[in-house]
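Worksheet: the structure to be examined is printed underneath.
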Amino acid sequence: MPPNSRFRRLSQFIFELQLKLSMLALFAMMLIIVADVFMRYAFNAPIRGTYDLVGILLVIMVFFGLARVIADRAEITIDIVDGWLPAAAVRLLMGLAAFVALGVLVFFFWSMIGPMTSAYNYGDRSLELNLPVWLIWVLSLIGLSGAILAAALTAFSPGTATPVDNRDAAQ
């Protein structure tokens, strides 16, 4: 088995794992919010830490969900020029967009390191649960790493510059 296919299988496993963690975070976020509203309404006793937990789960949901979307090329796109440009030009634009997306994600990663180290150096803590804020930054960087891997595979893989067309599935 060629190493390239092993790497592909490993990366797909990572993307699926991140997607499942993202879905689990969304589910937990919904449960916590419903339980908090119920406890507040029924017993006038809100759940302590809901604000921090929802914030942490939101970080997990967003950053861990990015990799699968990018790997599947399922981003929301507006195809204004696709109808009147030749197919080769559309593929060129899609390839260019893949490299721009990779650059933007790497820039985000690099930009997030400074606030994470500041939160660590100054000992920032979350509001209700008193958790170290730098751990939340680490979670976001882990999720963003998967998105960067997906963007790199999309940008550097030949034949991936074809859009996922969901118009037929919707009809």
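Read-outs throughout are calculated quantities, based only on the coordinates presented, and are distinct from any laboratory measurement. Remember, it's a predicted structure, so these values are computed and weren't measured experimentally.
Miscellaneous remarks
- Fluctuation leader among F43, F15, F156 - the chain, Gaussian network, Cα springs under 10 angstrom: F43
- Amide H contacts under 5 Å for R125, placed H, 5+ residues apart: V133
- For the chain, the square roots a ≥ b ≥ c of the C-alpha gyration tensor eigenvalues yield an a/c of 1.5 or more together with a/b exceeding b/c, which makes the shape prolate.
- Residue-by-residue Karplus 3J(HN,Hα) for segment 110-115, coefficients 6.51, -1.76, 1.60, Hz, glycine and proline x: 4, 5, 8, 5, x, x
- When the Gaussian network model of the chain links Cα atoms closer than 10 Å, the mean-square fluctuations of L26, L131, L153 top out at L131.
- Rounded to whole Hz, the Karplus (6.51, -1.76, 1.60) HN-Hα couplings of segment 72-77, x for glycine and proline: 8, 6, 9, 5, 6, 10
- Using θ = phi - 60° and Karplus 6.51 cos²θ - 1.76 cosθ + 1.60, couplings along segment 39-56 (whole Hz; Gly, Pro as x): 5, 5, 6, 7, 10, 6, 9, x, 6, 5, x, 4, 4, 5, 4, 5, x, 5
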